[in-house]
Amino acid sequence: MAAQAAAAAQAAAAQAAQAEAAESWYLALLGFAEHFRTSSPPKIRLCVHCLQAVFPFKPPQRIEARTHLQLGSVLYHHTKNSEQARSHLEKAWLISQQIPQFEDVKFEAASLLSELYCQENSVDAAKPLLRKAIQISQQTPYWHCRLLFQLAQLHTLEKDLVSACDLLGVGAEYARVVGSEYTRTNRILLLLMERKLQEVHPLLTLCGQIVENWQGNPIQKESLRVFFLVLQVTHYLDAGQVKSVKPCLKQLQQCIQTISTLHDDEILPSNPADLFHWLPKEHMCVLVYLVTVMHSMQAGYLEKAQKYTDKALMQLEKLKMLDCSPILSSFQVILLEHIIMCRLVTGHKATALQEISQVCQLCQQSPRLFSNHAAQLHTLLGLYCVSVNCMDNAEAQFTTALRLTNHQELWAFIVTNLASVYIREGNRHQEVLYSLLERINPDHSFPVSSHCLRAAAFYVRGLFSFFQGRYNEAKRFLRETLKMSNAEDLNRLTACSLVLLGHIFYVLGNHRESNNMVVPAMQLASKIPDMSVQLWSSALLRDLNKACGNAMDAHEAAQMHQNFSQQLLQDHIEACSLPEHNLITMAHPPCSSKLRMDPTPAWPASCEAPGGDFPAPRASVGPCVPDFHPDGS
């Protein structure tokens, strides 16, 4: 018995020594790998070699599975070798399922592998993988919620909003059961995208109550408040309610300034289901700049739009040096889309064209980005074509954009602009024009709920009636535009309506009333600044003063008109001489569908779902403390 005990003790000691030795070589290789990975610049090849050196030692299953996960993660995030990354992640997923109590490796492998499948357009492989991981993760709240978010996001990218909402509903109920009020709020985002406004309003109220009542660490509470306020602001902006959104926007700007001053080293939540930041703090900062740009663009504060675009793009450049998150490219494209429209209004067509080319290049780098922004890209090209008077090209770009979008608001925006092209072209497209005008008739059955787009539709009807010589009808439409644009501070529409009304009164010989319209139009256009309206207003002021015998005022207006004409002509020549000008004849993407005359609800391509429902990689780019004007503008 003593001999057997001694032999057993000797064997145990030998096994312990072997395990200790194994742990030593493993930790050494792991340490080298991490050193190479975090070097500046990273030495990824050497990191991979160190991790691969683990396998010849025939390590235990736990070490083998974890090493496959680490290799797959490094190859996925830092190289283009997706085949090897997939092989390692598949092995990590397969091996980890055989090991009890190994949830982190198991579910992280499933999560990364499904991401890789989606990147390779193998969605049919990603879905069952995520469903199985969700099924077996119910006892692990963090991973269960994270995987539900991931599958919901996958359905969202496929524009299957019903399935996405169902999954978020399951997640919201699960979060309630496990006591995580913090994680319950996410379903509202999809309802906004699905245009289920009757369900959105009560959910917004509930969401607000949850945010205010939730007790947790300061960063999470402020993060939740930013999430809620972003939903509110984008909801208002989507509805074209530029004035109504101001209080929420001001709160959002104050909130992001607060969160930027908080430290990240707070105590982690005790509930695993609360371990989510919907976006990293630095990404939130860029997003708040973005919605501020969207508001400034709609309201006609174009200099402010330029100011905040510059700030956001500068922060994006810093982030992209350390963070390859796809949402950063989405932010960049949406910012550029808005600033391009600003440039076209302010008379900087050449710069706008170069930025359109930049959007093309960004979209070419990502098939998903191109798919989500192709219609917007053609719309921007159409707007540029209008600005340089290439109407045939404008028509081609707008009709291509119509074929590529299912987004209701974008559809209405394109149709409104296409109708204005046909109006300016005279009698060439009368039948199509009448059909388009009927589709966006603001008096009845307007296809979208946007206040701004409905006001624009009244303006286009007024423009059409003006060209038809039906001046009383035109005045009625334009007064409706003025009423709606004044109600929500839509400055560009106000300026355009005033100058067109002034033109109508001038044609009718009512010079006093014409002057009463044109002078405030000129003042507002100068404030925006809108070069085309300034040009139009100065021409009218010149003719009005001539007709009234005010020679000095007429000369001053004529001088202004000449200056605006020279600026616009010089910019026109510069834009048309750029090689990027050839983009206006860009080959249309293949599309078998006919011109879309009726909008159908769909995921808004211009506002992708945030890719950060779960913690995203943090980037150390220095503090991002947004500086907004105290009035919230």
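Below, the figures for the structure above:
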{"item": "Sulfur and carbon atoms: percent of accessible area, the range 366-428 [1.4 Å]", "result": "47 percent"}
{"item": "At R0 = 60 Å, FRET efficiency that the Cβ-Cβ distance of Gln570 and Glu23 yields, to 0.05", "result": "0.25"}
{"item": "Accessible surface of the range 493-579 [probe 1.4 Å, protein heavy atoms]: carbon and sulfur percent", "result": "55 percent"}
{"item": "Relative contact order of the range 455-544, defined on C-alpha pairs under 8 angstrom at six or more residues apart (%)", "result": "23 percent"}
{"item": "Additional length obtainable on full extension of the chain from Asp443 to Ser244, 0.36 nm per residue less Cα span", "result": "69.4 nm"}
{"item": "Where His572, His407 fall by accessible area, highest first, once all protein chains stay in place (1.4 Å)", "result": "His572, His407"}
{"item": "Simple spin-label estimate for Asn213 and Ile44 in nanometres, 7 Å along Cα-Cβ", "result": "4.8 nm"}
{"item": "Accessible area (Å², 1.4 Å probe, nearest 10) - Leu27", "result": "100 Å²"}
{"item": "Potential lengthening between Gln97 and Ser122 on full extension [0.36 nm per residue; Cα-Cα distance subtracted]", "result": "6.8 nm"}
{"item": "Largest-first ordering by accessible area, 1.4 Å probe, given options Tyr308, Tyr26", "result": "Tyr26, Tyr308"}
{"item": "Span from the the range 386-454 Cα centroid across to the the range 315-364 one, whole angstrom", "result": "25 Å"}
{"item": "With all protein chains modelled, accessible area of Asp238 [1.4 Å, Å²]", "result": "60 Å²"}
{"item": "Heavy-atom accessible area ranking, 1.4 Å probe, most first, across Thr205, Thr379, Thr351", "result": "Thr205, Thr351, Thr379"}
{"item": "Heavy atoms of Thr261: accessible area, 1.4 Å probe, square angstrom to 10", "result": "90 Å²"}
{"item": "Extension gain (nm, one decimal) between Ser371 and Asp166, 0.36 nm per residue minus Cα-Cα", "result": "71.3 nm"}
{"item": "Size of the range 326-585 as Cα extents on the principal axes (Å, biggest first)", "result": "61, 42, 35"}
{"item": "Per residue accessible area of the range 326-585, 1.4 Å probe, in Å²", "result": "40 Å²"}
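The values are calculated or read from the model by the stated rules, or taken from the named source; none is laboratory data. Keep in mind the model is a prediction, meaning the values are calculated, not measured. Cβ atoms come from the backbone with ideal geometry, glycine included; neighbour counts cover every protein chain shown. Side chains are part of the model used for accessible areas, which takes the heavy atoms of the whole protein and leaves out ligands, DNA and RNA. Shrake-Rupley method; radii C 1.70, N 1.55, O 1.52, S 1.80 Å.
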